Amino acid sequence: MTGFRAMLAQIGEDHAAHGRDWTKPGFRSVAVHRFGNWRMGVRPKLLRAPLSLLYRIAFRRCRNVYGIEIPYTVRLGRRVIVEHQGGIVIHGASVIGDDCIIRQNCTLGIRSLDALDDAPTLGSGVNVGAGAVLLGRITIGDGAAIGANAVVLTDVPAGALAVGVPATIRHRDD
């Protein structure tokens, strides 16, 4: 039961981070993700089966209706904000730190089918602009910002700004 309480506490934090609006698609998608993680800890598997069915239905609704795809295998930090709905795809091997903001039409994915686990890692406080694409085994440092429509293929240091196609790294004072 402590795992259930921890999940509810995280969902409470996510609710507050999303402006205490439970109708926001971003909040609903993050809550479905948290539920998907929690249900994997339910033992025995026979008890997990109906929860898995419920998760799959909710996941597909978030993906098909809201356009937000956050599989339960993503390591999602606390208070992550999915700002707007539509076109958000996050690879299952991605890691997203605490207090990140992800906007519409963002993709966090792999570069090659030969390396299925080479997904991006976002540090804490990362701000991902609308339409940004982050591909491959890259690390985005704490407090970094990714500009709108940037295509990031290399690591971004903490506190830096990545803009352009392909993205170039700039310091915040530039």
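FYI, it's all coordinate maths here, none of it is from the lab. The shown structure was predicted, so the numbers you read here are calculated from the model rather than taken from an experiment. Ideal geometry is used to build each Cβ from the backbone, glycine not excepted, and the neighbour counts take in all protein chains shown.
Observations on the structure shown:
- Prolate/oblate/rounded call for the stretch 116-162, Cα gyration tensor, a/c under 1.5 rounded: oblate
- Considering the stretch 27-174 at the alpha-carbon level, its Rg and Dmax are found to be 15.7, 57 Å.
- Axis of helix 45-61 versus longest Cα principal axis of the chain: the two differ by about 50°, to the nearest ten degrees.
- On Cα atoms only, tilt of 2-17 relative to the major axis of the chain in degrees: 50
- Furthest towards positive pole of dipole, Ala167, Val152, Ala9, structure part the chain, Cβ charges: Ala9
- Oblate is the label for the stretch 37-107, because the ratio a/c of its alpha-carbon gyration tensor axes (a ≥ b ≥ c) is 1.5 or higher and a/b is not greater than b/c.
- Dipole axis of the chain (+1 Lys, Arg; -1 Asp, Glu on Cβ), positive-most option in Ile57, His33, Gln85: Ile57
- Helix axis angle, 25-39 relative to the chain longest principal axis, alpha carbon, degrees: 60
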